[in-house]
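The values are calculated or read from the model by the stated rules, or taken from the named source; none is laboratory data. Just so it is clear, the model here is predicted, and its values are computed rather than measured. Cβ placement follows ideal geometry from the backbone for every residue including glycine, while neighbour counts extend to all protein chains displayed.
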C-alpha cells in the first residue's frame, strides 16, 4: 500500500485555534512533516527492531543513535530525540519500551496509559526547550508488541487504541505549537479494531446510501470540484492536505456526517485567516468566533452567517457525545449535512473568486 487515505478526524479546540487529530490508513513514509514518533524495545543487548525503524534506517542509510539523545525516562520507558537534516521529517522521537510495561495491558491498561503519558510529556519537554513542530505523525505506539502478546485479544488492542487517541487529543488542546497529530495504521487487519475504537470514543452518525439524494450528491460533487480548484492555487501544504482530507471524506459511502462537519470547520478557519491576512485586519485572538467576526467590515452579513453556521455545527459534531440525550433530534441528520455543504459551496466559491482577483 503506497497512497494514504484519511479515515477519521477529531477537531480539538485550543486557545491558539483549531487543531486536528487525524487517523490515516497507509504508509507513514508517504507523509511529510515535522516530527515522526516510533517505538521499539528497550533491551541493551539487542539492536532496536521494528518495521518503521528498519525502514527509516534504510532511508537514512545509517543506524539511529539512541544512546546520547536521551530526553526522558519513567519506569523503564526511555525517550530519545534526534534532529534529522535533509529528510521528509525534521525530527525523530523514539520510545524504548520494556516488554513488562505492556504485559499488564489485559488487566487494567494502566501501564499503557503511562506509556502514552510519557510520550505526551516528552512532546511538552521538546516544546519547552524551544523545539517546535506543527505536526506529529506516529503509528500505534507499541502496536506490534501488543499484537505479539495479545493474539486474538481484540478487546485489549481496541482499549489501547482508545487510550492512545483520547490522551493524545487531550495533549493537543494544550500544546504550544502543534496543530495536528496524525495516527497511521498500516496493517489492513487492524482497521476493524480501529473502527470499533472510534465508535466507542464517539457515536458516529452516518448517512446511508438509501438516504443520499440527488441534492446531497450534487453538493458533494460541487464541493469536491471546488476543492480541486483551490488545491491548484498557491496554498500552504497544510491547507492542501486538509482540503484533500475533506475530499476523501466526501468520497466515502456511507459518508460520516460528523467527520465532514468537523473538517468543514477546519477549512473555514483557514479561509478566515487567509482573508484576514488579505484584508490586512488586526485580530485579538485566534478563536474561530473572533476570526469570523473580524471580517464583518469586509464580507456581507449572509457570508458571515454561513461561516458561523459551519463553526457552530462543526462544534456540535465535535462534542456530540456530550449533548443532552433528551434533545430532539438526538443526532445529526441529513438536513444538517445539507446545510453545511450548502454554506460551504458558497464560501468556497467566494474564496476562489477573491484569490483569482488577487492574481
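Some points to look at:
- Qualifying residue in region 54-61 (condition: modelled with pLDDT of 85 or more and closer than 16 Å to residue 122 by Cα): no
- Residue ID - nearest to residue 314 (Cα to Cα), chosen from residues in region 250-259 that are part of a helix (DSSP H, G or I) and over 13 Å from the mean Cα position of the chain (by Cα): 258
- Checked against the criterion of being at pLDDT below 90, crowded, with 17+ Cβ neighbours inside 10 Å and under 22 Å from residue 224 (Cβ atoms), region 270-290 contains not a single residue that satisfies it.
- Residue 54 being over 18 Å from residue 164 (Cα atoms), without any contact (Cβ under 8 Å) to a residue 12 or more places away in the chain and surrounded by fewer than 18 Cβ atoms within 10 Å (Cβ to Cβ): yes
- Some residue of region 109-119 being assigned to a loop (DSSP other than H, G, I, E, B) and either out of contact with any helix residue (DSSP H, G or I) (no Cβ under 8 Å at 6 or more places or on another chain) or modelled with pLDDT of 85 or more (or both): no
- Being touching a helix residue (DSSP H, G or I) at 6+ places or on another chain (Cβ under 6 Å), outside the structural domain of residue 119 (by TED's automatic domain parsing) and at pLDDT below 75 is a property that holds for residue 211.
- A residue that is surrounded by fewer than 19 Cβ atoms within 10 Å (Cβ to Cβ) and in contact with a strand residue (DSSP E or B) (Cβ under 9 Å, 6 or more places away or on another chain) occurs nowhere in region 217-236.
- Residues in region 1-50 that are modelled with pLDDT of 80 or more and loosely packed, with under 15 Cβ neighbours inside 10 Å were compared, and the one that is nearest to the chain's Cα centre (by Cα) is 5.
This table checks each residue for (1) over 18 Å from residue 190 (Cβ atoms); (2) part of a loop (DSSP other than H, G, I, E, B).
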{"site": "8", "(1), (2)": "no, no"}
{"site": "12", "(1), (2)": "yes, no"}
{"site": "20", "(1), (2)": "yes, no"}
{"site": "23", "(1), (2)": "no, no"}
{"site": "36", "(1), (2)": "yes, no"}
{"site": "45", "(1), (2)": "yes, yes"}
{"site": "48", "(1), (2)": "yes, yes"}
{"site": "53", "(1), (2)": "yes, no"}
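- For region 122-140, the condition of being modelled with pLDDT under 80 and surrounded by 14 or more Cβ atoms within 10 Å (Cβ to Cβ) holds for none of the residues.
- Of 291, 243, all but one fail to be part of a helix (DSSP H, G or I), more than 14 Å from the chain's Cα centre (by Cα) and not assigned by TED's automatic domain parsing to the domain that holds residue 21; the exception is 291.
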